[in-house]
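Worksheet: one structure, shown below.
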Amino acid sequence: MKHDFARRLRREQTDVERKLWLALRARRFHRAKFRRQQPIGAYIVDFVSFEAGLVVELDGDQHGSEDGLAYDAKRTQALERDGFRVLRFPNHEVNQNFDGVLEAIARALGIG
């Protein structure tokens, strides 16, 4: 069931997700392998590099509410307990500072 939902999320990705995915896919980004809309435990993460233990989450407006922030904190804690480093970027940052987002991901991969 979760895998079917993840598949649907991949088909219906947002413009911001699509933009970042084009930079990360097929080992184009510093030869790191990323997957998108990947189930991990109870959650489906936007992007993950299992090799690097890195999760990248893109946050739309719904994440700014009190409930959204609490849910995101719970997700981040669970993923960190599973050994992942979690980077979160608001959608507007991806749109307005794409190079900065890519630099932050590169630093998290130990590059640059």
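Every number here is computed from the coordinates shown, using simple stated rules; none is lab data. Fair warning: this is a prediction, and the values are worked out from it, not measured in the lab. Here the Cβ is made from the backbone with ideal geometry for all residues, glycine too, and neighbour counts use every protein chain on show.
Things worth noting here:
- Qualifying residues in region 24-63 (those that are at positive phi and not basic (K, R)) - the one surrounded by the most Cβ atoms within 10 Å (Cβ to Cβ): Q37
- Taken as a whole, the structure places V94 among residues that are at negative phi, crowded, with 17+ Cβ neighbours inside 10 Å and part of a helix (DSSP H, G or I).
- Within region 26-48, the set of residues being under 23 Å from A106 (Cα atoms) and part of a loop (DSSP other than H, G, I, E, B) comprises R28, F29, H30, R31, A32, K33, F34.
- Taken over region 57-99, the criterion of being out of contact with any helix residue (DSSP H, G or I) (no Cβ under 6 Å at 6 or more places or on another chain) and touching a residue at least 40 places away in the same chain (Cβ under 8 Å) is satisfied by D82, F84, N95, F98.
- Search result, residues across region 54-73 that are assigned to a strand (DSSP E or B) and under 15 Å from N91 (Cα atoms): V56, E57, L58, D59
- Any chance L109 is over 13 Å from V16 (Cα atoms), free of Cβ contacts under 8 Å to residues at least 12 places away in the same chain and either surrounded by 15 or more Cβ atoms within 10 Å (Cβ to Cβ) or hydrophobic (A, V, I, L, M, F, W, C) (or both): no
- E51, sole failed condition from (1) over 20 Å from K19 (Cβ atoms); (2) part of a helix (DSSP H, G or I): (2)
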